[in-house]
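Right, one structure below, let's go through it.
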Amino acid sequence: MMKTVGVIGLGTMGAGIAEVFAKAGLNVVGVEVTDPALEAGRRNLDRSLDRQVDRGRLTAEGRREILDRIQLTTDFADTASADLVVEAIPERMELKRDVFTRLDAVCGPDTILATNTSSLSVSEIAATTRRPNQVLGMHFFNPAPVMKLVEVVAGDQTDPAVVARVEELASLLGKTTVTVGDRRGFIVNRLLLGYLNQAAKLVGSKVATADEIDVALKTTGLPMGPLTLADVIGLDTCVEILDCIHADSGSPRHEAAPILRELVASGRLGRKSGGGFYDRGTDPAADLSDERAGELVLELVGPHVSEGQAMADSGYASSADIDTAMRLGCGYPNGLFGLLNEG
């Protein structure tokens, strides 16, 4: 049974992961590289927990107990005795490899090292350590305290026993796991970003407006349309992930739409910058006939489902795991394969 975990990086995602571990009763060592970053991480934790107290989901005593389990530090060596360390820093390979080199040097020989990467190669990250058999992906979804999915990613050399220990831990955290091999984007981002990208291409080629697409796709039961979702994720983030996946897949489906690059170059990054496909506070609105809505649904959902079927046919993930991943990771009410039946 794991007792102590480290979390490297205390941005919104890392702080959320630290909170999840502490709520489950584990001791947490939260690490940042500078004192200002550490204070920002502390504020992230405080904001999240204070919000839960204000909403009656957590008592003041419970808040104190959670924070008492979290040690904040700028010293990587404080993770030396951790059973597991999870890295949650920006999606840049050189940064992640540097972190894993440092962790490998200070952590005990039995410590498992995990990356929260959403799209990079786990095996490439693991190669910088002397323990690639003890390195794997543990991909949480944002916000980590709320989202129930964790993609567990085995690298080329990951020991199956290590995978099993992390799956057991995720269950203790109240998460549902899907376990896959090391393919860029894994299940969720590989499928989701291709779908979002195709929606952007339709806008760029003036086949449809963003409003028309999002209004049409909401008829399938999705919580939001693809271009609204792209704005939420961040268009710069979408481009970064697409570039990573495209380098692996070579598929035109993952080649970032020119309109995405144009919007990013103009500073329209989505909600975080005030506007992307939509200005902040603007909701999609379009007067569509049922026929036109159906055409757009088929145009986007058909290839989306086909890509998922190809993933299942390749043996990378089962249809059941794909449905679970898209339901819990993206809010698809009945998974990916139920989308065509919902419109």
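Rule-based calculations on the coordinates, nothing more; no lab input. All values reported here derive from a predicted model rather than from experimental measurement. All Cβ positions, even for glycine, are placed from backbone atoms using ideal geometry, and neighbour counts span all protein chains on display.
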Listed residue (LEU191, VAL146, ALA256) projecting farthest to the positive dipole end of the chain, Cβ model: VAL146
Gain on full stretching of the segment that runs from TYR316 to THR34 - 0.36 nm per residue minus C-alpha separation: 97.6 nm
Length released on extending from LYS272 to ASP75, taking residue separation times 0.36 nm less the Cα-Cα span: 67.8 nm
Positive-pole candidate from ALA77, LEU95, LEU49, dipole of the stretch 4-181, charges at beta carbon: LEU49
Virtual spin-label span in nm between VAL53 and GLN309, 7 Å along Cα→Cβ: 5.3 nm
Qualifying aspartates and glutamates (Cα of each under 15 Å from Cα of LYS175; at least 8 residues distant if same chain): GLU19, GLU151, GLU167, ASP321
Antiparallel bridges, percent of DSSP beta bridges restricted to the chain (to nearest 5): 20 percent
Dipole-positive endmost among ASN133, GLY276, VAL20 within the chain (Cβ charges, Cα centre): VAL20
Charge dipole magnitude, Cβ of K and R +1, D and E -1 - the stretch 90-232, Cα centre, debye nearest 20: 100 debye
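Is the stretch 141-184 best put as rounded, prolate or oblate by its Cα gyration tensor, with a ≥ b ≥ c the root eigenvalues, rounded for a/c under 1.5, and otherwise prolate when a/b is larger than b/c, oblate when not?
In terms of gyration-tensor shape, oblate.
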Theoretical gain in end-to-end length, GLU291 to GLU65 [0.36 nm per residue, Cα-Cα removed]: 75.8 nm
Prolate/oblate/rounded label for the stretch 188-341 (Cα gyration tensor, a/c 1.5): oblate
Gyration tensor (alpha-carbon) shape descriptor, the stretch 120-204, a/c threshold 1.5: oblate
Proximal aspartates and glutamates relative to LYS96, as straight alpha-carbon distance under 14 Å, when same-chain residues fewer than 8 apart are discounted: GLU32, GLU87, ASP104, GLU124
Magnitude of the charge dipole, the stretch 4-181, Cβ model with Lys/Arg +1 and Asp/Glu -1, debye to 20: 460 debye
Cβ charges +1 (Lys, Arg) and -1 (Asp, Glu), total dipole of the stretch 44-98, debye: 320 debye
